[in-house]
Structure formats: C-alpha cells, structure tokens
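The values are calculated or read from the model by the stated rules, or taken from the named source; none is laboratory data. The model shown is predicted, which means the values in this text are computed figures rather than measured ones. Here the Cβ positions follow ideal geometry from the backbone for every residue, glycine too, while neighbour counts run over all protein chains shown. Side chains included, ligands, DNA and RNA excluded: accessible areas come from the protein's heavy atoms. Shrake-Rupley method; radii C 1.70, N 1.55, O 1.52, S 1.80 Å.
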Amino acid sequence: MKKTLAMILLTSTALAANAQADDFNYNNEKFADIQMLRYKVEGFESLTPKQKAYIYYLTEAALQGRDILFDQNGRYNLRIRRMLETVYTKYNGNRNSADFKAFATYLKRVWFSAGIHHHYGQEKFEPGFSQEWLQQALQSVGYNAPVADLMPVIFEPKVMPMRVNQKDGDDLLLTSAENYYGEGITQAEAEEFYTLRKAPLDPCPVMTGMNSRLVKENGVLREKVWREHGLYGSAISKIIENLLKAKPFAENEQQRKVIDRLVEFYRTGDLRTFDEYSILWLKETEGLVDFVCGFTETYGDPLGLKASWEAIVNFKDLEATKRTRKLSDNASWFEQNAPIDSRFKKENVKGISAKVITAAILGGDLYPSTAIGINLPNSDWVRKEHGSKSVTIANLTGAYAKSAHGSGFDQEFIIDEATRKLIRQYGDACDDLHTDLHECLGHASGKLLPGTDPDTLKAYGATIEEGRADLFALYYLGDPKLVELGLTPNMDAYKSEYYTYMMNGLMTQLVRIKPGLNIEEAHMRNRSFIAHWAYEHGKSDNVVELVKKKGKTYVKINDYERLRQLFAQLLAEVQRIKSEGDYEAARQLVENYGVKVDQKLHAEVLKRYEALHLAPYKGFINPVYTPQFDAQGRIVDVTVSYDEAYDAQMLRYSRDYNTLPDVND
Ligand code: ZN
C-alpha cells in the first residue's frame, strides 16, 4: 500500500524556517495540470563504490519495466506513445503553432500517466489538436504503421472514456479501459472466475490473479501470466538481467537471497514464490540500500486484484530513521490502545520495521507521479505472520515542500492568521509524522476475523484500507503518547494536521477534480469520506463548520478534542468493516461521504485556486546515473546529475528501455 501526497497544501512560510539555504532547483516545467519537480539524492556521493554500483544496476532494473505499465494501463498505449514520439522528434512544420503546442502537451501528459487517461482522475485526455492535424503531421514525418484504429481511441470521447471506472452499479470491467482483463469480459464473469479459484481454508492464501491478464479464448476464461517467456516476457528478461548484475554488489547475504527469489518469481510467475520473496524482503533490514521492483499495487484494477508494475531504489536516511524507530519500537502499545474492538486487534504486532529513506530512482507506477510513503508487502497473511516494512520517502516530501515555497495557497484557503501560524510552526513535521503513522502503524494494525476473505470489500477495499490507515494516524497524532516520545513538541501541534486534513478533505482536494465529475481515486475518496463523516457527525456539537467570509468558504474547527473523538469513532467502524468484511457498510460509507461533490463549493474552490496559477498535480524527473568502468569493464564509480529535461528523459527511456512490442497478447 502506498500513501500519496495528501495535501495540496504545503505551506509556503512553514518551509522558509525549516529549509536550509539550498540552491537546488526543485521546480521544473509546468504543463496542463502538472508541475514537474526534481529531487535531490542527498548522500549518494558518500556511499561506497560498491553500494553505488548496487544502486546503479537496481536503477537499470527499475527502468526496464516502464513499457509494462503503459500496456497495463491500456491496450493501445504503447502504439499511441510511439506514434506521438515519432511526430514529436521528427516534425518539421511550425513547432510554434497552437496545434503543435497542444500536441506536445498531450504527449507530455501521455508520458506522465503512462497512457491516455489521467493518472489520478482516470478520465481520458482531450486532445487540444485535431485529427486532421495529426494525420497530416504523421504523413509529413513518413509514419507508415497503421493508425486508423488509434484515431477514435484518441479523439472520440465515448471510446474508452475511463481507465478505472468505480461507479456504483456499472459493470466495472466493461466500462474501464485498463488492460488487465481481455475485451468483453464482464465483472460477474471475472468475479466468479476468481471466487472459484480461492481456497477458503488455506491459511496462507496467495494473491490469486495478481500477476496475470484474464482473457477469454473460445468462450473460456484463462490467465496469461506475466513472466519470463510469458506475457511481458521480453521486459521481464531485461529486469532479471539487471537484477542479476546488481547481485554481486549486494551488501549482505539476505539481499542476495531476496534477489534470487524475486528472479525465480519472475521466471515462474508462481505466487507462492512471490510470498516467499516478500518474507525474505521484509526481513532484510540490515542493509542501507533497498528496492521494490515488481507487480505491487492494485489501484489500477477496478476489482483490486491485478498489480501494476512499479519500482523504487532507495537507501536509508539514518538520522531521520530514529523517528520511525520510536514508533515501531512501541507498536504493541499503539495496537493495544487503539480505539477499536479488541476482537480486531493483533495479539502481538509482528515485525514492523520502519525507516525514512532517500529515493534514488522512481520507475513504473511510481514515476513520475509518486508515493511519499510505502508499506509492503500487501498480502494479508504475510503481514499477519511476518510483519511488514514501511518507509517514508524524505527527499520527495522535502522536494514537495520546498517547491511550494511562496505559493500563496495558505493565504487563500486557511481561515485566519492564528491557524496559519499553527501550520507554519508544526505543519511540516506533523505531515511527515502522519505519513510515518499511516505506513508504519496504520496499515500494519488490526486483523481480519477468522474466515473473512480479504477481497470481500471488492471495489471499496482500497478506499477503506487507506481510510483506516489515515484514521489511525489522525487519532494518534493527537495522543499525549507522541509528546511523551518526543515526536510532537506539545498538545497543540496535532491541530495543524487536523486543520489541513479537514480543509483538504472538505474543500481543497477538489481542485483536482474537473467540474461536474465525482471523486474516483481511492486516496481522494478516503480523505473525502473521513472529512465529510466527521463534519456531519460533529454538526450537532458544532465541531467543524464551513463559514463564509466575504463570499469565500473556509473550514473552521471549534473543538479539536471532540474532532479527535470523532476520528476514533470512525476508526472503530472502519476497522469493523474491514475485519468483518462488511461490503454493504463499506459501500454506504464511501458512496455517502466519499464520492459526491458539492457543485457550488467545487466551482468556488476551482475559481480561487485558478487565480493562484498553481498545478494541482506534481511529479518528478529522475536523476541520471553515469557509471565509470575500468579497463576490464568493471564498474568503479557512479556519478549522479540532475540536468536532463523532462522530454529528453522520456524520449531516452522510450529508446533505451524499449522492452515490449506494440501489441502484447
Ligand atoms: Zn496507505
């Protein structure tokens, strides 16, 4: 599970105080609703040559799977990307024309989303140029491959309108454009296929369906497994090759075992091997360098079964990790004191390891849009029996924060100077702490009742799980225990996070939604249902208000302690829903509080936000690693640089990590 950037808000002045003088250029180009950033790999130079070589080959593995994600996100994405790239690099017409500029923006969005749909909102991009213009441009560059079937996919709004449709009542597979299920397979068929394959009494159930496409051939459903010599085999071979190149440079025996087992999984596609790999991986906590490189999160599948390919290579931030150590060392205390029914508590919390890390490269579904915290593995039984590993990615949260300097956002949306001051003082630290709590303790807490199928909540599963982790974090941020542990300075600090969380969930996250649309993305739905539920249930006591000042709406929190009790109450209910697998309650909660948008407030928020000229989404350009070899071809050093442009990076990746054919069937 991952945590994405929760707050649109990252206060300007908050960071002026914290950020050291730093001439690194965090902000890069802006297009459509995207602001590109760079991140700095602080500390890379002081690693040993061996660690640098290890990281280098792992980053190569992390880039080899890029084409997989494009194909997972839609069956035409690779063909479209390659067609557009040909025009982008070869076009000799007027590159300053409105058509070409709109075309370039469209391609930048396709790169960013690994496909033709918005990475967050899921809706298909509207091209700002005409089909005639594109066809002429293709002719002018001598593009010969067939394009007729791609035109409606790009230009017809009704064709493949959503990548992941979560609308209650729709057939989620027939109405979603993702490529995890073959064409024409209905939701009922897929659900039946996977229900029949579950072994209800298996104490160690594998994540059935996680690494395959479900297809129908001659009327019969079957899986095409992603593995070497299987579907995506040519990309997977390149990933394996680079993992094996990294292996001799590993820091310890356990890391070598992790690589071996991951390679075995890539070769066989056997999900038991994947669980074995996960257990080895979560127990490897001694080394400085770590990585994720594979089929991981299921947000891209409307049924929440199939995992998109992602990668991150990182190394430990030793100083900041002292903070998360305090949480993981006290994990049992947090579990025992959580405001949930004791039937749903873990008797003993096993093996939560938490660390703060520096990202060295982002790949697949973590690039360019990324997570700021990750907790893995996702298998319920593995987590229960063996624990999990949780990270907060400090150089990315730091880059977000520094890039937001002076944005004017807090001035526009926070109710008064006293609240702004509170957030200036504590907001930054509490944001990081919220991520730590969410990942390290939130996801790891609680248990399913015996016999509860972990997939019972179906399309609502991800939203409920993210909400549970957020509520756990919110509840404990306001706990005196954090002051006692020295993690928050006093009992005022948590209020900064409560304010920004409520403001974000009730109002400001709407800047990411187009007028007239509902909330689709799991993390946004979870923030929305938490904020709206607390708002509605606190109404009789006037806990949180929406007030008007000069025609503008603001969130006003009258009673922070009572708000904390509401979070506790909701946490208890969400934990019950998860532990019992209460699908109907999950549906009610999410549909009633998490999905619908107040049109009038939405229009107001969009108008105020527009005046600030900010981009609601951010993503990162990767650094470039350059290896140095000796006369025998052995790697002796690796340097890092930060000057590659966004389009140059994407074109280079398309050229050098071109691992899949146009059509993958
Ligand atoms: Zn999460």
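A few remarks follow.
- Note on region 538-556: among residues that are in contact with a helix residue (DSSP H, G or I) (Cβ under 8 Å, 6 or more places away or on another chain) and within 25 Å of residue 568 (Cα to Cα), the one that is most open to solvent (accessible area, probe 1.4 Å) is 541.
- When residue 492 is tested against the conditions (1) acidic (Asp, Glu); (2) at pLDDT 95 or above; (3) crowded, with 23+ Cβ neighbours inside 10 Å, the lone failure is (3).
- Segments classed as helices (runs of 4 or more DSSP H), wholly inside region 437-522, with at least 1 members that are in contact with a helix residue (DSSP H, G or I) (Cβ under 7 Å, 6 or more places away or on another chain), within 16 Å of the ligand (Cβ to nearest atom) and small (Gly, Ala, Ser): 461-477, 493-506
- Taking the numbered list (1) within 30 Å of residue 552 (Cα to Cα); (2) in contact (Cβ under 8 Å) with a residue 24 or more places away in the chain in turn, residue 421 passes all entries but (2).
- Residue list for region 320-351, filter: under 16 Å from residue 3 (Cβ atoms) and touching a Lys or Arg at 6+ places or on another chain (Cβ under 8 Å): 324
- Unique residue being within 28 Å of the chain's Cα centre (by Cα) and within 24 Å of residue 357 (Cβ to Cβ) when the list is 102, 62: 62
- Residue within region 214-234 that is in a helix (DSSP H, G or I), in contact (Cβ under 8 Å) with a residue 24 or more places away in the chain and surrounded by 21 or more Cβ atoms within 10 Å (Cβ to Cβ) present: no
- Criterion violated by residue 137 - all others in (1) within 26 Å of residue 176 (Cα to Cα); (2) assigned to a helix (DSSP H, G or I); (3) small (Gly, Ala, Ser) satisfied: (1)
- Here 89, 105 are screened, and the one residue that is assigned by TED's automatic domain parsing to the domain that holds residue 143, touching a residue at least 12 places away in the same chain (Cβ under 8 Å) and either small (Gly, Ala, Ser) or farther than 25 Å from residue 161 by Cα (or both) is 89.
- Counted residues, region 77-115 - those being in contact with a helix residue (DSSP H, G or I) (Cβ under 6 Å, 6 or more places away or on another chain), open to solvent by 50 Å² or more (accessible area, probe 1.4 Å) and not in a helix (DSSP H, G or I): 0
- Where a residue in region 47-64 is under 10 Å from residue 637 (Cβ atoms) and its partner, wherever it lies, is open to solvent by less than 10 Å² (accessible area, probe 1.4 Å), with Cβ under 7 Å and at least six apart: 52/638; 53/638; 56/638
- Among (1) within 16 Å of the ligand (Cβ to nearest atom); (2) at positive phi, the one test that residue 406 misses: (1)
- Some residue of region 161-179 being touching a residue at least 12 places away in the same chain (Cβ under 8 Å) and assigned to a helix (DSSP H, G or I): no
- Of everything listed in (1) closer than 24 Å to residue 555 by Cα; (2) modelled with pLDDT under 95; (3) not β-branched (Val, Ile, Thr), the single unmet condition for residue 373 is (1).
- Test: residue in region 47-67 that is part of a helix (DSSP H, G or I) and surrounded by fewer than 17 Cβ atoms within 10 Å (Cβ to Cβ): yes
- For residue 468, the stated conditions hold: it is open to solvent by less than 20 Å² (accessible area, probe 1.4 Å), in the same structural domain as residue 605 (by TED's automatic domain parsing) and in contact (Cβ under 8 Å) with a residue 24 or more places away in the chain.
- Only listed residue being open to solvent by 50 Å² or more (accessible area, probe 1.4 Å), over 24 Å from residue 67 (Cβ atoms), out of contact with any strand residue (DSSP E or B) (no Cβ under 9 Å at 6 or more places or on another chain) and assigned to a helix (DSSP H, G or I), chosen from 276, 241: 276
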